[in-house]
Each structure stands twice: as structure tokens, then as C-alpha cells.
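The values are calculated or read from the model by the stated rules, or taken from the named source; none is laboratory data. Everything quoted here is computed from the prediction, not taken from an experiment. A quick note on method: Cβ atoms are made from the backbone with ideal geometry, for glycine too, and the neighbour counts reach across all protein chains shown. What goes into the accessible areas is simple: the full protein's heavy atoms, side chains included, and nothing from ligands, DNA or RNA. Shrake-Rupley method; radii C 1.70, N 1.55, O 1.52, S 1.80 Å.
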Amino acid sequence: MGVHRGGDTDVGILAVMVTPASTGDRDAAQDLLAQATRRHHRLMRGWADSGYTGMLVGWCATVLNLMLTVIRRSDDQKGFVVLPKRWIVERTFAWLTRSRRLTCDYERLAASSEAMILWSMTTVMTRRLAHHPR
């Protein structure tokens, strides 16, 4: 799970948290979002998929002063539909899977997995910075 900057060209993960499979995403989201807002005081808005519905939106508003918007797919839609802001997350996952080390779970410690994710994003960012437009 990660919190990252989104936009058409921005690249960057603000916070990363690797948890055991027994930890629910909503529970981990509170810790991750609290960590991200402590580090980045100007963080005011976030987006989440429908798995984060429930009390998390209200908790973010009252405790973190963060407006969390849940992006839902309409029940009457059939087939593949691009959801707003969701493509940013999917694009980031695609960038991460380019790192061979992240294609399988080789790490024994969560901190090692988090470090590999940050290393992979550092590689993406440095390639972007070094890219010379024609």
C-alpha cells in the first residue's frame, strides 16, 4: 500500500507500508495516511478505491484534516471502464513491476520490501530527470 503524488507527469511515492496478509487494508490505511500527513503537511486530498469505504473517510476528515474521495464503479457499468484517478495507481504498479526484484516476494522483512519499492521509484524518477526531450 502506498500514498503517491498523482498528475499527468508527476512521479513520486509519498509513503510506503508493507504489511502481513493478515492485516486489513483499511486498518493499514489509517497508519499509512497518518504517516504521510505527518511528513507532508500540505497533503490535503486523497483518492481510494471502493475497498476503503466505511469509517476511513470520516476518520481522515476529522483526525488528519484530509479529504479522502472513494472512487466507485457504477453498478450498471459492464466490462472494463477507466475510473478517474485509478489509472495513476495502476500506472505506478506497472512501473514497480519493471523491477525484477519486485516481481516475486524475495524479502523476509517488511522494511526490505519497502526499501525495494522506494529504490524502484527512485530509478523511475532518475530516468525521467535524465531524459532529454528531442
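Couple of notes before you dig in:
- Considering residues of segment 1-37 that are at pLDDT below 70 and aliphatic (A, V, I, L, M) only, the residue nearest to Ala110 (Cα to Cα): Met1
- Some residue of segment 46-57 being farther than 19 Å from Val16 by Cα and open to solvent by 100 Å² or more (accessible area, probe 1.4 Å): yes
- Residue among Arg42, Arg26, Arg73, Arg108 that alone is open to solvent by 40 Å² or more (accessible area, probe 1.4 Å), in contact (Cβ under 8 Å) with a residue 12 or more places away in the chain and assigned to a loop (DSSP other than H, G, I, E, B): Arg73
- Taken over segment 90-103, the criterion of being at pLDDT 70 or above and not charged (D, E, K, R) is satisfied by Thr92, Phe93, Ala94, Trp95, Leu96, Thr97, Ser99, Leu102.
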